[in-house]
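Below is one structure, written out as structure tokens, with a few remarks after it.
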Amino acid sequence: KNSPYRDRSIEENLELFENMKNGMYKDGEKVLRAKIDMASPNMNMRDPVIYRVAHMTHHNTGDTWCIYPMYDFAHPIQDALEGITHSLCSSEFRNHRPLYDWVVEKIGFAQKPHQWEFGRMNITYTVMSKRYLRQLVEEGHVDGWDDPRLPTLCGLRRRGYTPGALFTFVREAGVTNTDHTVDVRQLEACVRDDLNENALRRVAVVNPIRVVIDNYPEDKVEMITLPNHPQKPDLGTREVPMTREIYIDADDFAEVPPPKFFRLKPDGEVRLMGAYIVKYVGVDKNPDGSIAAVHVTADLESGNGNPVDGRKIKGTIHWLSAKYAKPTPLMLYDRLFNIENTADVPEGKTYLDFLNPDSLMKIEGAMVEPSLENAEGGERFQFVRNGYFCKDSKYEITFNSIVPLKDNKGK
């Protein structure tokens, strides 16, 4: 039905609109509508509202304005002013395109943008809606818009995801006209493939225990050469200091080893990566029964990975000099939600009820090799045998987990 005010004169409409702008009406008391076609089969063309009264504080203009344009009116104007040629949006705006074209045509822009609609691509275990993302940020469930668990560009960048991996993911997922959901593991696989090809290798000991090499000179400091990338000799090498006392990861030692345990154990030998073969001697315990230090002896003829006496050493473990290693917090990130599809929330629940309490674990006391002390924010590395990590651009001394070396979810 036509509004009873549809045939007002231009002069009266301009006067009412000026009064709206000057704050003479309450919120919702007056609106300005575009005079198009009330008989249109498209509801968006039936004289849609293009301006409304809204007494609210704007983040840029404060309280200067009390009228604001509707999105369907402002969007095409902004696109035209900014020289946009292809305005991309999701498929729910398909019925809005006639109004988009009408606004552009009636205002008379020479450069006319065109709206193109595509199906929304959702990703499992997260939310893509700006409304939900804003709630997570404003209620403090995450560390701002750049939280590495969020699918925002600044969040993905801080997490360490690469542009190349994102382009590959979008190409592989495909562009359709229908909404679809892609498994987050596909995105992680693209990131993993990119980093495996390009990330420099470095050593980090996540859960360090002290190891003493009894037959290694106390004052000796030896520089061990390690490759920056084992498959890319052109990326060069680096030197890592070795001393009598080193750190290894607690998972690489077992007093009572399980079957097929090829790391450090009683009556066993293991190679220190790029360095010597060592053999277990004994262990010092703290009063509470925890390990104070593990003692080993080194075959000092086996340096630089040299084989000795034809022995086959099945295990190789990473290590760091206890004197030169640098303590660094590690932020281990997991999926933000425990539910695969946040649109499938059971009745009586909200998506917030499925926030994963273990989506962030902070590891204090991890050790990294000295070269990482000078890493730039955003630099990505493979921490050998641990996964891919990125130097945090927000908190200087922290490294964020990007993806593990393998997809172990559900296994």
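Which one of the conditions (1) more than 16 Å from R149 (Cβ to Cβ); (2) of a type outside the set (G, A, S); (3) surrounded by 18 or more Cβ atoms within 10 Å (Cβ to Cβ) does F389 fail to meet, given that it meets all the rest?
If we test F389 against (1) more than 16 Å from R149 (Cβ to Cβ); (2) of a type outside the set (G, A, S); (3) surrounded by 18 or more Cβ atoms within 10 Å (Cβ to Cβ), just (1) comes out false.
How many residues does region 1-17 contain that are out of contact with any helix residue (DSSP H, G or I) (no Cβ under 9 Å at 6 or more places or on another chain) and open to solvent by less than 90 Å² (accessible area, probe 1.4 Å)?
Adding up the residues that qualify gives 7.
Can you find even one residue in region 191-210 that is of a type in the set (D, E, K, R), within 30 Å of K323 (Cα to Cα), open to solvent by 50 Å² or more (accessible area, probe 1.4 Å) and modelled with pLDDT of 95 or more?
yes
Select from region 129-157 the residues that are acidic (D, E) and under 11 Å from the mean Cα position of the chain (by Cα) and write down the one among them that is most open to solvent (accessible area, probe 1.4 Å).
Residue satisfying both the conditions and the ranking: D146.
Only one residue in T126, T85 is of a type in the set (S, T, Y), closer than 30 Å to L187 by Cα and either in contact with a helix residue (DSSP H, G or I) (Cβ under 7 Å, 6 or more places away or on another chain) or surrounded by 16 or more Cβ atoms within 10 Å (Cβ to Cβ) (or both). Which one?
Among T126, T85, only T126 is of a type in the set (S, T, Y), closer than 30 Å to L187 by Cα and either in contact with a helix residue (DSSP H, G or I) (Cβ under 7 Å, 6 or more places away or on another chain) or surrounded by 16 or more Cβ atoms within 10 Å (Cβ to Cβ) (or both).
Please specify each residue of region 32-82 satisfying the condition of being open to solvent by less than 30 Å² (accessible area, probe 1.4 Å), of a type outside the set (G, A, S), over 27 Å from T176 (Cα atoms) and not in a strand (DSSP E or B).
If the condition is that a residue be open to solvent by less than 30 Å² (accessible area, probe 1.4 Å), of a type outside the set (G, A, S), over 27 Å from T176 (Cα atoms) and not in a strand (DSSP E or B), then D47, P48, C66 are the ones that fit.
Step by step: first the residues of region 372-383, then only those that are surrounded by fewer than 16 Cβ atoms within 10 Å (Cβ to Cβ) and in contact with a strand residue (DSSP E or B) (Cβ under 8 Å, 6 or more places away or on another chain), then the one that is farthest from L150 (Cα to Cα). Which residue is that?
Across region 372-383, the extreme among qualifying residues is E373.
Go through (1) open to solvent by less than 60 Å² (accessible area, probe 1.4 Å); (2) part of a helix (DSSP H, G or I); (3) under 17 Å from H114 (Cβ atoms) and name the single condition M20 misses.
Among (1) open to solvent by less than 60 Å² (accessible area, probe 1.4 Å); (2) part of a helix (DSSP H, G or I); (3) under 17 Å from H114 (Cβ atoms), the lone unmet condition for M20 is (3).
Taking the conditions exactly as written (out of contact with any helix residue (DSSP H, G or I) (no Cβ under 8 Å at 6 or more places or on another chain), open to solvent by 40 Å² or more (accessible area, probe 1.4 Å) and touching a residue at least 60 places away in the same chain (Cβ under 8 Å)), does L332 satisfy them or not?
For L332, the condition - out of contact with any helix residue (DSSP H, G or I) (no Cβ under 8 Å at 6 or more places or on another chain), open to solvent by 40 Å² or more (accessible area, probe 1.4 Å) and touching a residue at least 60 places away in the same chain (Cβ under 8 Å) - is met.
If you go through region 158-168 one residue at a time, do you hit one that is surrounded by 15 or more Cβ atoms within 10 Å (Cβ to Cβ), of a type in the set (S, T, N, Q) and modelled with pLDDT under 95?
No - not one qualifying residue is present in region 158-168.
Looking at region 210-227, can you tell me whether even one residue there is touching a residue at least 12 places away in the same chain (Cβ under 8 Å), closer than 27 Å to Y161 by Cα and not β-branched (V, I, T)?
Yes, region 210-227 contains a residue that is touching a residue at least 12 places away in the same chain (Cβ under 8 Å), closer than 27 Å to Y161 by Cα and not β-branched (V, I, T).
Filter region 399-411 down to the residues that are out of contact with any helix residue (DSSP H, G or I) (no Cβ under 7 Å at 6 or more places or on another chain) and either in a loop (DSSP other than H, G, I, E, B) or at positive phi (or both) and list them by number.
P404, L405, K406, N408, G410, K411
Quick check on my filter: what residues within region 101-123 are touching a Cys at 6+ places or on another chain (Cβ under 7 Å) and surrounded by 18 or more Cβ atoms within 10 Å (Cβ to Cβ)?
The answer is Q115, and nothing else.
Does R158 satisfy the condition of being charged (D, E, K, R) and touching a helix residue (DSSP H, G or I) at 6+ places or on another chain (Cβ under 9 Å)?
Here the answer is no, as R158 does not meet what is asked.
Among the residues of region 38-49, which ones are within 40 Å of the chain's Cα centre (by Cα) and free of Cβ contacts under 8 Å to residues at least 24 places away in the same chain?
Residue satisfying the conditions is V49 alone.
Per-residue answers, yes or no, for (1) closer than 28 Å to N198 by Cα; (2) touching a Cys at 6+ places or on another chain (Cβ under 8 Å); (3) not small (G, A, S):
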position	(1), (2), (3)
V211	no, no, yes
P287	no, no, yes
I317	yes, no, yes
S321	yes, no, no
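Are any residues in region 244-260 surrounded by fewer than 19 Cβ atoms within 10 Å (Cβ to Cβ), touching a Lys or Arg at 6+ places or on another chain (Cβ under 9 Å), outside any strand (DSSP E or B) and touching a residue at least 40 places away in the same chain (Cβ under 8 Å), and if so, which ones?
D251, the sole residue that qualifies.
Could you give every pair whose Cβ atoms fall below 9 Å, whose first residue belongs to region 56-85 and is touching a residue at least 24 places away in the same chain (Cβ under 8 Å) and farther than 28 Å from Q115 by Cα, and whose second residue is in a loop (DSSP other than H, G, I, E, B) and of a type in the set (S, T, N, Q), counting only separations of at least 6 or pairs across chains?
C66/N22
Taking K362 and the conditions (1) among the charged types (D, E, K, R); (2) open to solvent by less than 80 Å² (accessible area, probe 1.4 Å); (3) under 27 Å from H141 (Cβ atoms); (4) in contact with a strand residue (DSSP E or B) (Cβ under 9 Å, 6 or more places away or on another chain), which numbered condition does it fall short on, given that it satisfies the others?
So the condition that K362 fails would be (2).
The values are calculated or read from the model by the stated rules, or taken from the named source; none is laboratory data. Just so we're clear, the structure is a prediction, and the values are computed from it rather than from any experiment. Backbone-built Cβ (ideal geometry, glycine too); neighbour counts: all protein chains shown. Remember, those area values only see protein heavy atoms, side chains included, never the ligands or the DNA or RNA. Shrake-Rupley method; radii C 1.70, N 1.55, O 1.52, S 1.80 Å.
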